[in-house]
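Worksheet: one structure, shown below.
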């Protein structure tokens, strides 16, 4: 990690001591190999540099990027049962998709599809993929267009802070073929979102606790069918 301060989008520097402390805490929550850590360090450094120009993460979370964003993304991997082909919808600053690609870079056959329609964010993701050297492809298209013609079978679908669960399930549904599943991090309103989603979908889902936020949950969706609607009267 560079000893230089990282200047934030608010013009205030994130001090190295803050980042090191947060990095240590994140790695205690979600340990990684030395090779993965090297990739993550390069990715985080690039993101904080780009953060000067565009908001890739909320400015209020810059000093806690490792716990709020990196560890929050890494915790999805143990829930994926060794899956190799991922699609991250609305990748934004690379969470969770690019972090997952950093962790899976040495796994044979691993690949992460990063779907991001905003041009500047897609440009950042392309530079990050090239700099860090991870098995990922950036798709600068709308999620709705990506799911119509995905590049082969997707084993795991992820999306973080993209949309409320009812809409998110509608977006992800075309990718959830036999054997595929979704890992969807959600906040403390997850139960109400599931209740709303159940009005439109028959969901086979379970909840996993978050390692980074005691109020958050990860929705694991393994089956999804449109809810039957009563026939209209004649």
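The numbers here are math on the coordinates, done by the rules we state, and not lab data. Note that the structure is a prediction, hence the values are computed from the model and not measured. A quick note on method: Cβ atoms are made from the backbone with ideal geometry, for glycine too, and the neighbour counts reach across all protein chains shown.
A compact table of results
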item: Gaussian network model of the chain, springs between alpha carbon atoms under 10 Å - residue of 30, 212, 49 with greatest fluctuation; result: 49
item: Rg/Rh for the range 115-213, where both radii come from Cα atoms and Rh is the Kirkwood radius; result: 0.99
item: Angle in degrees between helix 16-29 and the longest Cα principal axis of the chain, rounded to the nearest 10; result: 40
item: FRET efficiency for residue 202 and residue 58, using Cβ-Cβ distance with R0 set to 30 Å, rounded to 0.05; result: 0.30
item: Cβ-derived FRET efficiency at R0 30 Å, residue 33 paired with residue 131, nearest 0.05; result: 0.95
item: Sum of -39500 (n - 2.57) over DSSP H runs of 4+, divided by residues of the chain (222 nm, nearest 500); result: -9500 deg cm²/dmol
item: Zero-based 5 Å bins, Cα pair distances in the range 48-143, whole percents; result: 3, 14, 25, 26, 20, 9, 3, 0
item: Estimated FRET transfer efficiency (residue 140, residue 161; beta-carbon r; R0 22 Å; 0.05); result: 0.70
item: Net lengthening on full extension, residue 81/residue 20 (0.36 nm per residue, minus Cα-Cα); result: 18.9 nm
item: Cα-derived Rg over Rh, computed across the chain with Rh taken as Kirkwood radius; result: 0.99
